[in-house]
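Presented below is the structure to which this report refers.
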């Protein structure tokens, strides 16, 4: 296979190379905000009409308000056009203001409300690419604005560059030659993180805000631009750092700049810029004023012939080293250890950007060319944006951590919460090295020597001492299944052997006196803190299936390591627990909870239950009881993904999913009562968290019983897909994405307890199910569905396409590797004969393998 030519990052029309997944018309733009930035670096979001919003590059969230500058001082781009012998026209590169934003007490409803704008706008995306289309009958040009940064599965560093790449593709639609200039304009807002803190994290007073910040024009051999820094903002502040706005040096292109503007009183800073730029499209450097947040402007000028298209490229880079996250001590940022400042980011990566862009295109277009339903592609791909949001960060040594989500100005629920992160599948299957660091934190730092794993990890890390004092049954059992997954995908025996004793101890913690399964009968009867933020008393399907899955995963790992005694015990408990679950919790339609009050109300029992739930052990509130829970089969969902088989009777699984659909699906929310949060409203459809079709609803059920949340819906929907309920599963996923349509909600922000909620990345599991993909680097085996089609696959370190075609003789398969490499001894199609190779085959990047499987 021949490598495609590298895309020219400066000249070629990138938009023509992107296979578009989703288009949004002018009525579905208001909520769009697509994060652009690297994993663990923070982001700035591209809005549906071309605006930049939610500047979240300073180590804290900044949703729905500006952490930097607002109104006419917010960052923006503008265009100047001039036909020969005609007056020039200048506009902000923005679409029209939504009517919902017209009213404001002072006439300042949105940023740059007073700038001339384009009349028409639409948005297209195949994440990580966002495209804004702008046009106007008064303008001699049409615009395609592309915002993105590299995203390459298997390469966390290349996907973790603190950069926003911005390309304006300008088409001359007039019949005459025109001059075109585009200017990027941003105030040096270093120090303005939007927080209300008046002290640093040590308690010392630090004034918040910009302070005599400085802009400096620089020119390198390949690019030029403005470097933004501050000598006066306290260098220990999370809001201290550097930024740069740059553009390539190109032939037949003129670059001009300003490092400041007029004194900014009564909007004079913007006025001074506009008068300068709209005169001739070129900028005149100003005498530098003493201004805390001086305005930096960078203009690129070109000439376009009739019908010609040219690209204007800008790079925005940043570097903010002082992350504290949920810590009282600085934990830093991994990305800032790779570059000394924001200027070095572009200097270091400039030559690589064409290759990284091409690889990102390869990923996107390989994915788009696959035989997956559009709704599954959208759900899986768009939720990857969470990895780039402030939900995720990497500390200085590279370990990845995550909030559950983020609120408008702060993180939501600290500690890489195990029972939330149990659900998502994007990280391990796209960046397995990052997933392994999360497992290391769980087993080496968050777990005590007795096996008590705090379901949230504190920072800074302390070996065996970083977990909070509450263990979550679902979280802890899920980490065992996740550990098995990471080992299988990586084949890293050193990783397995290093942590095996801790994995065993984590499972054995279920067997402590007064614990989850104290009598060791394979059933969780004890007090079980869980993802509903309460304690369940007695056996219930949610915890039980996580437990059964953990027993199966432990059995497989123990068998591999020849730990025969532990393997046998895990198997015995699994078989006992599986049988008991079907016989005692299945009511003929779904699995229920049997509330059991602990006999021994010891400190251990109370310690296990300590959380937000009921403290009345005799008559506990917040239970499920006879309810039909939306994710009661979450452990089975995980088991299918890992190839561990059925945890309970197969026929009961499908019946349960049919019951969830029957009893929990709402076709409309108009008649629905909900005393908590609303993530579905009006005529929207969704799966309720719980229902009680046979009666018996507790007076006070678990808190979220009446809500609709996407991560749980995905779990149920993907479970349906695994059981052959294809139409039903796709319908559930489609209903989710219809709620995130750009008009009502942001398509790149599925919320739960916070924006960009981690659980929603469960959506990637639909890709795994549809392809039938399973990969074991341990056994060097790869498996796919036997349905004809093209399937994108990724194991966290490599990815490619599997093309399957069926003939009278059997199957022909073409397996290609687009990135990384894999080692194979066996190739398996579902329910077909496997192909075993005489010796292991190593498929490297851009190599492929053709396999014939005869019936």
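As a proxy for reagent exposure, ranking 648, 512 by other Cβ atoms within 10 Å from fewest up yields 512, 648. Net length available on complete extension from residue 564 to residue 826 is 91.7 nm, with 0.36 nm assigned per residue and the Cα-Cα distance removed. Computed from the C-beta positions of residue 410 and residue 587, the FRET efficiency with R₀ = 45 Å rounds to 0.60.
Ordering 119, 84, 323 by the number of other Cβ atoms within 10 Å of each residue's own Cβ, fewest first, gives 84, 119, 323. As an equivalent ellipsoid, the range 246-357 spans semi-axes of 31, 25, 11 angstrom, where each value is the square root of five times an eigenvalue of the C-alpha gyration tensor, largest first.
Using C-alpha pairs below 8 Å separated by at least 6 residues, the relative contact order for the range 370-771 is 20 percent. For helix 268-280, what angle does its Cα long axis make with the longest principal axis of the chain, in degrees from 0 to 90 and rounded to 10? The helix 268-280 is inclined about 70 degrees to the chain. Out of every Cα-Cα pair that the chain contains, those further apart than 42 angstrom amount to 34 percent.
If you take the Cα centroid of the range 401-440 and the Cα centroid of the range 818-855, the two points sit 32 Å apart. When the square roots of the Cα gyration tensor eigenvalues are ordered a ≥ b ≥ c, the ratio a/c for the range 774-854 is 1.5 or more and a/b exceeds b/c, which makes its shape prolate. Considering Cα pairs under 8 angstrom that are at least six residues apart, work out the relative contact order of the chain and quote it in whole percent. Across the chain, relative contact order equals 12 percent. The angle separating the long axis of helix 541-560 from the principal Cα axis of greatest extent in the chain is about 90 degrees. Going from the residue with the fewest nearby Cβ atoms within 10 Å to the one with the most, 21, 551 rank 21, 551.
Within the range 774-854, DSSP assigns beta bridges of which about 90% are antiparallel (rounded to the nearest 5). Annotation: extensible slack from residue 105 through residue 834 equals 255.5 nm (criterion: 0.36 nm per residue apart, minus Cα-Cα distance).
Shape verdict for the range 326-406, please, from the Cα gyration tensor: rounded (a/c under 1.5), prolate (a/b greater than b/c) or oblate. Taking the square roots of the gyration eigenvalues as a ≥ b ≥ c, the range 326-406 is oblate. The C-alpha atoms of the range 81-163 occupy a region whose extents along the principal axes are 50, 42, 20 Å, arranged from largest to smallest. By how many degrees, between 0 and 90 and to the nearest 10, does the Cα long axis of helix 473-490 differ from the longest principal axis of the chain? Roughly 70 degrees, rounded to the nearest 10.
Once you reduce the range 115-181 and the range 765-796 to the center of their Cα atoms, the two points are 35 Å from each other.
Computed from label points 7 Å out along Cα-Cβ, the spacing between residue 649 and residue 508 is 3.5 nm.
Classified by the C-alpha gyration tensor, the range 370-771 has a rounded form. Its axis ratio a/c, with a ≥ b ≥ c, is below 1.5.
Looking at the chain only, what percent of DSSP beta bridges run antiparallel? Nearest 5 please. Counting DSSP beta bridges with both partners in the chain, the antiparallel share is about 95 percent. Taking 0.36 nm per residue of separation and subtracting the Cα-Cα distance, full extension of the segment from residue 520 to residue 23 would add 173.5 nm.
Applying 1/(1 + (r/R0)^6) with r as the Cβ-Cβ distance of residue 618 and residue 469 and R0 = 25 angstrom yields a FRET efficiency of 0.60. Over the chain, DSSP H runs of length four or greater, each weighted -39,500 (n - 2.57), average out per residue to a 222 nm ellipticity of -7500 deg cm²/dmol. Taken along the Cα-to-beta-carbon direction at a fixed 7 Å, the label points for residue 16 and residue 790 span 2.0 nm.
A convex hull fitted to the Cα coordinates of the range 249-312 yields 104 cubic angstrom per residue. FRET efficiency for the pair residue 290 and residue 236, taken as 1/(1 + (r/R0)^6) with r the Cβ-Cβ distance and R0 = 30 Å, rounds to 0.80. Here the simple spin-label model places points 7 Å from the Cα toward Cβ, and for residue 683 and residue 249 these points are separated by 5.9 nm. Centre-to-centre separation between the Cα atoms of the range 675-701 and those of the range 211-279: 52 Å. For the peptides 47-60, 687-700, the ranking by mean Cβ contacts within 10 Å, running from highest to lowest, is 47-60, 687-700.
Values quoted throughout were computed directly from the atomic coordinates according to the rules given, and no laboratory measurement underlies them. These numbers come from a predicted model, not from an experiment. Using ideal geometry, Cβ is built from the backbone for each residue, glycine included, and neighbour counts are taken over all protein chains shown.
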